[in-house]
Every structure is written in structure tokens, then in C-alpha cells.
Amino acid sequence: MTEAVSYDVLSDAAGGIAVIAIDNPPVNAASHAVRDGLLKAIEQFGDDASAAVAVVVGKGRTFIAGADIREFGKPMQAPGLPDVLEAIEGQNKPIVCAIHGTALGGGFETALSCHYRVALKSARVGLPEVHLGLLPGAGGTQRLPRLAGIEAAAEMITTGRHVNAGEALKLGIVDSVDEGDDPQAAGIAFARRVLAEQMPIRRTSQVNDKVEAVRGNEALFDGMRAMVKKKAKGQLSPVLCLEAVIASTELPFAEGVQRERELFMELMNSPQREAMIHAFFADRQVGKVPELKTGVARPLDQAAVIGGGTMGSGITVSMLYAGMAVTMIERDEESAARGRKNVERILDEGVKRGKIDQAQRDHLANTLYGVSADISSVSNADIVIEAAFENMDVKKDLFRQIDKHAKQGAVLASNTSYLNVNEIAAVTGRPQDVLGLHFFSPAHVMRLLEIVVADKTLADVAATGFALAKKLKKVGVRAGVCDGFIGNRILERYLSLASYMVEDGTSPYDIDKAVLEFGYPMGPNQMGDLAGLDIGMANRERKVAEGWQGRYAADYMDRITALGRYGQKTGRGFYIYEDGSRIGKPDPEVLEIIDAVRAEKNITPKPLDNEAIMRRYMAAMINEGARVVEEGIALRPLDVDITMLYGYGFPRWRGGPLKYADMVGLDKILADIRSFEGEDPEFWKPAQLIVDLVARGENFDSLNK
Ligand code: 3HC
């Protein structure tokens with residue numbers, strides 16, 4: 001056999017049992033070596049008179065976790081997975097698949113092509129290809145509906161959801177759940193049953209009752225199509241996943257598989273697939289930072305959070321969910337009680353949404369969580385997270401006090417979105433233990449965590465930041481110190497640009513529409529209304545006080561805000577929100593205010609169309625993203641992409657702004673920037689990194705390697 005697949009026969013009292021074991025660490029991806037080895041093993045089993053039944057099993061921590069994604073985009077080396085799976089299913093002796101860890105994508109499709117499936121209790125199965133901009137391309141869209149029915153199959157395939165062994169048993173996807181922890185033993189035990197009970201060969205492709213039951217049910221299919229399209233927001237893969245699943249009801253298996261292949265190839269050749277696979281690998285690269293090579297994370301059992309407002313309570317709950325003990329510290333008893341209420345409200349919501357049950361909620365609220373009005377309570381914390389106002393003096397004052405009381409070796413973190421962490425660290429006697437942690441609101445929901453490594457932050461303190469992100473199931477991105485770090489610094493640029501476009505003649509509603517159509521969940525003005533226009537105004541005031549550089553075009557926003565129209569919370573901002581609705585209607589008075597400002601500034605309005613809006617919007621985002629990389633604030637372009645994907649709603653199927661730039665062509669982006677330069681040379685000065693990359697004929701991705 002090959003190194004990746006072994007073939008052994010055990011002579012058992014029940015008869016010869018062939019064990020076909022896949023060994024391709026770390027996740028047994030179905031690479032060319034695995035496909036080739038598996039096909040040879042199946043052929044050997046077919047010819048082997050000493051073996052009456054075969055067990056297919058994975059070595060190491062998991063069954064096959066899918067096709068080898070690294071091979072995508074390169075010429076396919078035969079045998080293809082569909083051919084291997086046809087050979088498995090077509091065997092005339094029974095083949096049992098023993099699943100442990102995760103059987104995903106092509107791995108789960110391999111399991112579906114076996115005649116029987118036994119899963120360890122801890123195993124999960126799924127077809128997550130949709131998240132890679134693909135659809136299951138080795139019969140998954142045709143076999144799964146035959147076992148689980150079209151609705152369950154469509155849900156699993158269009159969402160990529162992993163299903164645990166218990167649910168898989170209920171859905172008829174696996175035949176048995178084994179309580180043990182040895183997949184080979186589970187497979188052999190099932191194989192003995194197959195022999196003893198003379199269980200027949202059962203080919204999934206020939207089980208037709210469930211797909212026939214819904215054949216021609218166009219009302220059902222149209223309903224499913226409408227739902228999937230709405231959720232997809234421009235992403236192609238869920239839509240084509242569903243079409244492939246529906247084909248299983250319309251076509252005989254062999255033709256259904258052909259239809260699946262055509263749709264698979266359409267996606268394989270689409271830019272969305274390239275973008276989403278970039279995001280997949282970027283997800284795994286982003287946590288690889290220099291500090292983790294030398295630094296060892298410090299303990300993270302006991303935390304103290306300073307501040308019980310929106311951020312403090314969200315951070316507290318996310319740590320409680322992770323099983324950490326948290327003391328929330330406020331300035332007085334009254335504020336501490338308010339903080340407790342905020343935390344309990346979020347926990348109650350968690351119960352309502354089914355995230356936790358009442359007993360867990362009570363345990364978290366009463367055992368793991370405590371409040372204090374005395375800052376010396378930080379003394380037993382492994383990590384102290386200050387989540388007070390975004391004000392340097394307030395933060396410095398708190399850090400002086402924290403420094404007095406925190407134990408030696410504690411990690412001292414400031415939750416800040418903009419401020420200089422070096423300055424904060426400098427007021428303590430232990431700047432090496434200080435770092436920034438930029439949580440996103442709501443902190444118990446949002447996945448991004450910017451980990452701000454200041455000049456003196458030790459490697460093990462940075463490593464603790466990454467360990468915390470992992471513990472909280474967040475995506476940690478390393479950022480350097482600057483105003484706004486990675487995300488808010490880029491955000492500031494494209495929000496400024498949005499205000500320039502409005503002042504120059506484009507309606508804020510047209511900007512939101514263009515951004516929405518690009519794939520964002522909302523446009524910049526809708527986001528302003530959600531966050532609160534008063535917060536934006538306070539931020540602008542701070543920047544003006546610090547000596548705002550460049551063009552100020554937010555006068556119309558200041559006027560809207562001055563009218564007390566702060567957005568959703570006041571029922572009116574850029575939009576009007578009637579009867580507590582979260583969907584706003586355009587407000588003619590806002591347009592009048594904008595017109596008045598344009599007239600005062602003698603601006604002749606020149607409205608932009610969707611394409612022109614997005615070219616500017618993206619150029620501004622990419623240009624600042626490049627600067628952030630150039631200055632070392634972000635380690636690599638992929639860190640910028642991950643930040644924008646997880647913190648700012650950038651559509652994943654576009655890969656992130658810098659991947660998007662690579663796919664459009666960096667030379668074209670540079671040409672756009674240069675063409676806008678005449679309008680505002682300071683704002684549109686091209687980042688040197690882009691100029692250099694274009695001159696060298698390279699792209700951002702060359703810096704990710
Ligand atoms: N191909 C190639 N490499 C893969 C891979 C795959 N399918 N799955 C994981 N890897 C790599 C990761 O990049 C990582 O590499 P690194 O150590 O160099 O960074 C390493 O394996 C370990 O992966 P994780 O860090 O993600 O390990 P976890 O234990 O956290 O997660 C997992 C394991 C749940 C299996 C997760 O890796 C995963 O979800 N993998 C992708 C599964 C998937 O999407 N499968 C479908 C593939 S497409 C397909 O099958 C098409 C078919 O229909 C024809």
C-alpha cells in the first residue's frame with residue numbers, strides 16, 4: 001500500500017476483517033496519496049479471499065477532514081475522489097466506515113459511500129464546503145438527501161453545520177453510535193455484527209424513497225430557494241449547494257452526480273472560492289505570531305474586569321461562558337449593582353436563546369461571578385481588564401491603582417479602541433505586563449479581539465492575550481500601537497471618505513445601498529445609526545482637539561447629531577425608525593441638511609453611481625490597509641483581512657480587502673487611487689507599499705507567505 005493508507009487483515013473468529021487505515025496527519029485530508037492508497041486498498045480487498053468485510057478508519061485524531069484544500073486550483077491528479085468512492089460503494093463485500101473526530105467534506109462523502117457507518121459518540125460529521133465557496137463534489141449532495149431527506153440534507157449542506165453522532169443517528173446518517181474511544185475497535189465490532197447477522201450490502205446511491213417522495217414538489221423547492229438566497233447575501237455557494245441537492249430528487253443518481261460535478265466546477269473556478277479559501281488559511285495563520293514562539297501564556301483562571309458598562313459586562317460574560325471566575329469592579333456600590341444587572345441581563349438573554357440553561361445561568365451569576373466596589377479586589381486576578389471610558393486620563397488613573405494592588409505576574413490589559421497603550425503602560429511600574437485588548441461590541445458575541453502589543457509588552461504577556469482569545473473562542477489578531485490599531489484606523493479612513501462623497505453630492509442612502517449590495521450587512525450610515533451618532537461626534541471632537549489633519553466633511557453629521565438624532569436609540573438619525581423598528585426609512589430632512597451644508601460650502605453636487613462609490617470606498621480601505629502593514633501595525637496583509645472580516649462585516653466571500661485588491665489587480669487599485677488623487681492629494685496619497693508591490697509585479701499575498 002502507500003504510506004498514507006495501510007491494508008491489514010485480521011483473522012477473526014467471525015471471518016477475515018480487512019482494516020483500511022488512513023494515515024495523513026494532521027487531519028487525514030484526502031490528498032492524492034490518500035485517494036490513490038484508498039483505491040488500491042479497496043481493489044486489494046476485492047481480490048482478497050481471506051477478507052469478508054472491510055473497515056475504513058482514520059489514524060490519529062480524526063477521520064478524513066475533507067479533500068486536501070491545498071490541491072485546489074492545481075491540476076487534479078487521478079484518481080479523483082468520486083472515482084474512489086464509486087469503487088468503495090460498488091464493492092460486492094460489505095465495507096464499514098468507523099468515524100471519529102470529524103468526518104467532513106470529502107471525508108464524510110467517503111463515509112456515505114461505505115455500506116455501513118459507525119460513529120464514536122464524540123464524532124461529528126458535516127459538509128462544510130459551502131464555507132470554502134464550494135459544494136460537496138464527491139456525491140455528498142446526492143447521497144446525503146437519500147439518507148437524511150431533502151430538508152435535513154439541504155440545511156446541512158447550505159449551512160455547512162457539523163452534526164454530532166447522536167443527531168446523525170437520528171437522521172439516519174450513521175447506523176450506530178459507539179460509546180468507546182477507539183474507532184478501529186468500534187469498526188471491528190460492527191464488522192463482526194455484519195458478518196454474524198449476514199447484513200446485506202447497502203448502497204446509499206440506491207436508496208431512493210426519500211428523494212422520490214419530494215420529486216416535482218416545486219413549492220417546497222421554491223420556498224427553500226428563496227430562504228437560501230436571502231441568507232446568502234451575494235454568496236454563490238449556498239445557492240448552488242441547494243440546486244445540487246434539489247437535483248438529487250430530479251435525476252437518477254448517476255446523472256445527479258454529473259450535475260453536482262458541473263456545479264462544483266463552476267464554483268471551483270469562481271473568484272469566491274479563491275477568496276473563501278484565502279479566508280480559511282488566513283484564519284489559521286493569524287494566530288501564528290512571533291511572540292508565541294518564545295512566550296508561554298500565563299495562567300488565566302481568575303479575572304478582574306474594571307467597569308460594568310456595555311463593554312465591561314460583555315467582556316465579563318464572555319469570560320464566564322469560558323468558565324473563568326470574574327470579579328467586576330466598579331467605583332461604588334450603586335455602579336457595581338448596575339454592572340451586576342447588566343451581566344445578569346446578558347445571561348438571561350443567553351437562557352432565552354438556549355445558549356445556557358437556568359442552572360448554568362445561576363452557576364455563572366452566583367458562583368463564578370462577583371462584584372466589588374473596591375479596586376484592591378484586583379489582587380487575586382491573573383488578568384485584569386480595564387474597560388472604563390475611552391479617556392486617557394481615566395485609564396491612566398486606573399492603571400496607577402491597578403499597579404498598586406495587582407499581584408506580581410498578573411497581566412494588565414486595557415480594553416481600548418484607539419488609545420496609545422505605551423502611554424497607559426508607562427504609568428505603571430511594570431509596562432512589560434501591560435497590553436491592549438480591543439474587544440468589539442457586543443463583546444460576548446463579536447469574534448474579533450485585537451491584541452495590542454506595546455513597545456515593552458513581554459512575549460508571554462502577548463501569548464496570554466492569544467490564549468485568552470482562544471479560551472473565549474475569539475479570533476485574536478496581533479496589532480501594534482497607533483490611533484485605532486488595525487480596524488478602527490482603516491474604518492476611520494473609509495468613514496471619512498463616505499462623508500466626503502456625501503458632501504460632494506452623493507446621497508448617504510445611495511452609499512449604504514452600494515455597500516449593502518457589495519455584501520456588507522449594512523452601510524456606513526446605517527452603522528452610524530446603530531452605534532450612535534453621538535459617539536461618532538464625540539470621537540470627531542476628540543480628534544479635532546488633537547489637531548485633525550486633512551479635510552473635515554462631517555458638518556452635516558454634526559448638525560444631525562446636534563438635533564438629538566443619535567440614530568436607532570432615539571428613533572431618528574440618518575434614518576427614521578418608526579415604532580421601535582430596526583429598519584430605518586430615509587429622512588428627507590437629512591437630505592435638506594446636507595443640501596444646506598453643500599450650499600454654504602459652495603459645492604456643486606456631483607453624485608456617484610454604485611460602481612464609482614465602491615471603487616472609492618475600496619480604494620480608501622485598501623490604501624490604509626497597506627499603510628497599516630507597511631508600518632508594522634499589522635504583521636501581514638492577512639491580519640488586515642481577518643480584522644475586517646470578523647470585526648467590520650466585510651463579506652467573507654470576498655476574502656478581505658487586501659485579498660480583494662489582489663483579485664481585482666493591485667495595479668488597477670493603484671490606478672484608481674491615482675485617478676482620485678487630484679480631488680484631494682493628501683487623502684489619496686498612494687501607500688508606498690502598494691507602489692512598491694506594483695513596481696515589483698507582486699501582490700499582497702506575496703507578503704503572507
Ligand atoms: N486540507 C488541507 N489542510 C487542511 C485541511 C484540509 N481539508 N483541513 C485542515 N487542514 C490543515 C490546517 O490548515 C492546519 O494546517 P497548519 O497546522 O499548517 O495551520 C492543520 O490542518 C490543522 O487544522 P486546524 O488548525 O483547523 O485544526 P483543528 O483541530 O482546529 O480543526 C478541522 C480540525 C475541524 C478538521 C478543521 O481543520 C477544518 O474544519 N478543516 C476543513 C474541513 C473542510 O472544509 N473540509 C472540506 C474540504 S473541501 C472537500 O472536501 C471537497 C469535496 O467535497 C470534494
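The values are calculated or read from the model by the stated rules, or taken from the named source; none is laboratory data. Quick caveat, the model's predicted, so the values are computed rather than measured. Virtual Cβ from ideal backbone geometry, glycine too; neighbours counted across all protein chains shown. Calculation scope for accessible area: heavy atoms of the full protein, side chains included, ligands and nucleic acids excluded. Shrake-Rupley method; radii C 1.70, N 1.55, O 1.52, S 1.80 Å.
Helix 666-677 and the longest principal axis of the Cα set of the chain meet at an angle near 20°. Projecting the Cα atoms of 440, 425, 411 onto the charge dipole of the range 386-504 (Cβ charges, centred on the Cα centre) puts 411 farthest toward the positive pole.
Each of 159, 277, 247 was placed along the dipole of the chain (beta-carbon charges, centred on the mean Cα), and the one lying farthest toward the positive end is 159.
Annotation: residue 606 carries an accessible surface of approximately 150 Å², with a 1.4 Å probe and no ligand, DNA or RNA atoms counted. Projected onto planes of every orientation and averaged, the convex hull of the alpha-carbon atoms in the chain covers 33.8 nm². Taking amide H atoms as placed 1.01 Å from N in the peptide plane, the amide H of residue 305 lies under 5 Å from those of 327, 328, 329, 385, each 5 or more residues away in sequence or on another chain.
Beyond 23 Å, how much of the Cα-Cα pair distribution for the range 23-115 remains, as a whole percent? So the portion of pairs separated by more than 23 Å is 18 percent. With 0.36 nm allotted per residue and the present C-alpha distance subtracted, the residue 483-residue 671 stretch has 64.9 nm of extension available. Listed values for the range 97-108 are Karplus-derived 3J(HN,Hα) couplings in whole Hz (6.51 cos²θ - 1.76 cosθ + 1.60, θ = phi - 60°), namely 9, 10, 9, 9, x, 10, 9, 10, x, x, x, 5, and x replaces Gly and Pro. Estimated at the nearest 10 Å², the accessible area of residue 440 is 20 Å² with a 1.4 Å probe.
Packing-based ranking of 425-437, 559-571 yields 425-437, 559-571, ordered from highest to lowest mean Cβ neighbour count within 10 Å. For the range 506-642, pairs of C-alpha atoms spaced more than 22 angstrom apart make up 48 percent of the total.
Dipole size of the chain about its Cα centre, with +1 on Lys/Arg Cβ and -1 on Asp/Glu Cβ: approximately 740 debye, rounded to the nearest 20.
Sequentially through the range 590-605, phi angles give Karplus couplings (6.51, -1.76, 1.60; θ = phi - 60°) of 5, 5, 5, 4, 5, 4, 4, 5, 4, 5, 4, 8, 6, 9, 8, x Hz, Gly and Pro residues having no value and appearing as x.
In the chain, taking the dipole from charged Cβ atoms about the Cα centre, the farthest positive-side position among 85, 217, 593 is held by 85.
Note on residue 332 and residue 446: the extension gain reaches 38.2 nm, defined as 0.36 nm multiplied by sequence separation minus the Cα-Cα distance. Reported to the nearest whole Å, the Cα centre-to-centre distance from the range 564-593 to the range 270-309 is 37.
Applying the Karplus relation 6.51 cos²θ - 1.76 cosθ + 1.60 with θ = phi - 60° to the range 634-641 yields 3J(HN,Hα) values of 9, 5, 8, x, 5, 5, 5, 4 Hz, where x marks Gly and Pro.
The angle separating the long axis of helix 81-90 from the principal Cα axis of greatest extent in the chain is about 30 degrees.
For residue 29, the residues whose amide H sits under 5 Å from its own are 65, ignoring neighbours fewer than 5 places away on the same chain, with H placed 1.01 Å from N. Give the shape of the range 626-705 as rounded, prolate or oblate, defined through the alpha-carbon gyration tensor: a ≥ b ≥ c are the square roots of its eigenvalues, a/c under 1.5 means rounded, and otherwise the shape is prolate if a/b is larger than b/c and oblate if not. Cα axes put the range 626-705 in the prolate bin.
Placing +1 on each Lys and Arg Cβ and -1 on each Asp and Glu Cβ, with no other charges, gives the range 473-611 a dipole about its Cα centre of roughly 700 debye. Each Lys and Arg adds +1 at its Cβ and each Asp and Glu adds -1 at its Cβ; summed about the Cα centre, the range 17-98 shows a dipole of about 320 debye.
Ellipticity at 222 nm from helices only: DSSP H runs of n ≥ 4 in the chain, each -39500 (n - 2.57), divided by the residue count, give -15000 deg cm²/dmol.
Length available on full extension from residue 360 to residue 230: 0.36 nm per residue minus the Cα-Cα distance, which gives 43.3 nm. Angle check, please: helix 392-405 long axis (alpha carbons) against the longest principal axis of the chain (alpha carbons), in degrees 0 to 90, nearest 10. Approximately 70 degrees, to the nearest 10. Between the beta carbons of residue 48 and residue 161, assuming R0 = 35 Å, the FRET efficiency works out to 0.35 to the nearest 0.05.
Modelled label positions at residue 614 and residue 367, each set 7 Å beyond Cα in the direction of Cβ, lie 5.2 nm from each other. For residue 416, the amide hydrogen comes within under 5 Å of the amide hydrogens of 437, 438, 439, counting only partners 5 or more places away or on other chains and with H modelled in the peptide plane. Take the alpha carbon gyration tensor of the range 71-120, find the square roots of its eigenvalues, order them as a ≥ b ≥ c, and report rounded if a/c is under 1.5; if not, report prolate when a/b exceeds b/c, else oblate. It comes out oblate by the Cα gyration axes.
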